Amino acid sequence: MRKVIVAAALLAGWPAAGEVTKSEPGGFVSTHKLTIAAPPEKVWDTIAKPALWWSKDHTYSGDSANISWDTNLGGCWCEKLPGGGVEHGRTIYAVRGKALRISGAFGPLQSGAVNATMTFALKPAGQGTELTVTYVVGGYHPAGLAGFVSAVDGVIGAQMPGLKAAAETAR
C-alpha cells in the first residue's frame with residue numbers, strides 16, 4: 001500500500017495536459033489531442049514502438065528500451081525487468097493507420113481491481129495526423145481512484161511530446 005501512495009505522489013508532480021473529460025468515484029476518462037506532422041500510417045508505426053517515445057521516468061525498469069508492444073490482437077505491451085517483466089496491457093483493437101487500443105491498468109493502477117482501456121485514434125489532417133489518446137479507467141483501488149486522476153492524466157500528457165517528436169523524425 002505504501003508503494004502505491006508513494007508512486008501516486010511522485011506521479012502527481014507531472015503537469016497535467018489534455019483534459020480529464022469525466023471523473024467519478026468509480027472511474028475517470030483522460031483525453032489528449034495533438035496534431036502530428038506525419039501521415040497516419042507513420043504515426044501508427046511510431047505508436048506501436050513505445051520504446052521510441054515513452055519516457056523512461058514512467059517505467060518500472062528505468063529504461064524505455066525495455067518496453068515493447070505487439071500490436072497483433074492479444075499482443076502484449078510488456079516491459080522487461082531483471083529476472084522477469086511486467087505486462088502493462090493487451091492489444092484488443094488494431095487497424096493500421098486508424099486506431100490502436102490496449103486494455104490494461106498501467107503503473108500503480110495494477111495494484112487494484114482496475115480495468116482500463118487506452119485508445120489511440122488517428123485521423124488524416126491535411127499533410128499530418130490528428131491523434132486523440134483516450135484512457136478510460138474504472139474499477140476499485142484500495143487507495144481510491146480519485147487520487148490517481150490528475151497523476152494519470154499528467155503521465156499520459158507527459159508522453160505526448162515524445163510521441164510527436166518520434167513520429168515527426170525521419171526514419
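Of the accessible area of segment 69-171, computed with a 1.4 Å probe over protein heavy atoms only, carbon and sulfur atoms account for 56 percent. Ranking of 141, 58 by solvent-accessible surface, largest first: 58, 141 (1.4 Å probe, protein heavy atoms only, all chains present).
Quick one: angle between helix 2-11 and the longest Cα principal axis of the chain, in degrees between 0 and 90, rounded to 10, please. The angle comes out at about 40 degrees.
As a fraction of the 1.4 Å probe accessible area of segment 16-55, surface on carbon and sulfur atoms comes out at 54 percent. For residue 33, list the lysines whose Cα falls under 25 Å from its own Cα; do not include residues on the same chain fewer than 8 positions away. Result set, ordered by chain and number: 22, 42, 49, 56, 98, 123, 164. If you average 1/r over all unlike Cα pairs in the chain and invert the result, what Kirkwood radius do you get in angstrom? Mean inverse Cα-Cα distance, inverted, gives 16.2 Å. Applying a DSSP loop filter and a limit of 13 other Cβ atoms within 10 Å to the chymotrypsin sites (Phe, Trp or Tyr not before Pro) in segment 82-171 leaves nothing. Segment 71-171 has equivalent-ellipsoid semi-axes of 25, 17, 14 Å, by the square roots of 5 times the alpha carbon gyration tensor eigenvalues, sorted largest first. Here the relative contact order of the chain, from alpha carbon pairs under 8 Å that lie six or more residues apart, stands at 33 percent.
With all protein chains kept in place, the per residue accessible area of the chain amounts to 49 square angstrom at a probe of 1.4 angstrom.
Across the alpha-carbon atoms of segment 36-82, the computed radius of gyration and Dmax are 11.7, 37 angstrom. The GNM of the chain, with springs linking C-alpha atoms under 10 angstrom apart, assigns the highest mean-square fluctuation among 35, 46, 119 to 35.
Accessible surface ranking for 57, 45, 153, 1.4 angstrom probe, highest first: 57, 45, 153. Accessible area of residue 90 (1.4 Å probe, protein heavy atoms only, ligands and nucleic acids ignored): about 90 Å².
Per residue of the chain, the DSSP helices (runs of n ≥ 4 H) give a summed -39500 (n - 2.57) that works out to -7000 deg cm²/dmol at 222 nm. Solvent-accessible area of residue 150, all protein chains in place: 70 Å² (probe radius 1.4 Å, heavy atoms, ligands and nucleic acids excluded). A simple charge model with +1 on the Cβ of Lys and Arg, -1 on the Cβ of Asp and Glu and nothing else charged puts the dipole of the chain at about 160 debye relative to its Cα centre.
The values are calculated or read from the model by the stated rules, or taken from the named source; none is laboratory data. Here the structure is a predicted model, which is why all the values come from computation and not from measurement. All Cβ positions, glycine included, derive from the backbone under ideal geometry; neighbour counts span all protein chains shown. Surface accessibility is based on the protein's heavy atoms, side chains included, excluding ligands, DNA and RNA. Shrake-Rupley method; radii C 1.70, N 1.55, O 1.52, S 1.80 Å.
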